[in-house]
Structures are given as structure tokens and as C-alpha cells.
Amino acid sequence: GFYLALVEMYSLEAGYLSTLPSMNGKRLNHGCTTYPGVTGPTLIVSGGWFGGYIDTAEILQPSGTWVRVTPLPQMRNFLHMTVMNGAAHVIGGGQYDGGWQYRNTTLRYDP
């Protein structure tokens, strides 16, 4: 299928760099970003689709281990993530249930 748990690191300057540990769960149409975590740079992935909308979130700790964290309060597909003021933010997204239900709230992940 199209669902992947594969994670690869890429640099705009250098191109492909390396393959990172696979996520705990497969997904597509998710959001991801890196933020300055408690113990160093941390990758977070949330939402998306895996045979249905999902609300799960997981972080790749600097140790190389993926850990599930508090899920999103609602499922989001096609969401975006960014970092502002040192915290990861989920922006937009939505789900289809007889029509698109777009999310007009921004969520902040700040452990």
C-alpha cells in the first residue's frame, strides 16, 4: 500500500542523508516538524490517514526511539506543522464526513 513508517533525513544543500528509525505506526497525509525538545532536536509526526483518519502523534527522541505522545484532540488529515517560540504547532487539516470539515484551530505541542 501507500502507507509508510519509513523516515528519511534530507538536506536541501546535500540531498539525501540517511534513513532514520521507522515510526511505530504507518501513515500518510500527516504533519511533521522538528522542535528543540527537552534533550535536543526532536521530530514530531501527527495525524494523517491509515485506513481512516488518525489522531495519533509520536516523537523521535534524540536517542533514536519513537515514542507515542498525547494524541490530537481531533483527527486531522492534510495538516501542517511548524515551530514557533520553541514549540511544535499543528495548523489546519480536516476530515471528510459527508463534506469536508476543516479545522480552524491551531494546536500547540509543548511537553
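The values are calculated or read from the model by the stated rules, or taken from the named source; none is laboratory data. This structure is a prediction, so every number in the text was calculated from the model and none was measured. With ideal geometry, Cβ positions are generated from the backbone for all residues, glycine too; neighbour counts draw on all protein chains shown. When the accessible area is computed, the model is the full protein with side chains, heavy atoms only, and any ligands, DNA or RNA have been set aside. Shrake-Rupley method; radii C 1.70, N 1.55, O 1.52, S 1.80 Å.
Side notes on the structure shown:
- Residues in the range 97-108 that are open to solvent by 50 Å² or more (accessible area, probe 1.4 Å), in a strand (DSSP E or B) and in contact (Cβ under 8 Å) with a residue 12 or more places away in the chain: T106, R108.
- Top-ranked residue of the range 1-17 - restricted to ones that are outside any loop (DSSP other than H, G, I, E, B) and open to solvent by less than 40 Å² (accessible area, probe 1.4 Å), ranked as farthest from I91 (Cα to Cα): G15
- Candidate set: the range 9-44, residues that are out of contact with any Leu (no Cβ under 7 Å at 6 or more places or on another chain) and among the charged types (D, E, K, R); chosen: the one modelled with the lowest pLDDT: E13
- Filtered residue count, the range 52-84, keeping only those that are small (G, A, S), open to solvent by less than 70 Å² (accessible area, probe 1.4 Å) and assigned to a loop (DSSP other than H, G, I, E, B): 2
- Filtering the range 18-30 to residues that are open to solvent by less than 70 Å² (accessible area, probe 1.4 Å) and over 15 Å from the mean Cα position of the chain (by Cα) leaves only S18.
- Tally, over the range 18-34, of residues that are more than 16 Å from G47 (Cβ to Cβ), hydroxyl-bearing (S, T, Y) and part of a strand (DSSP E or B): 3
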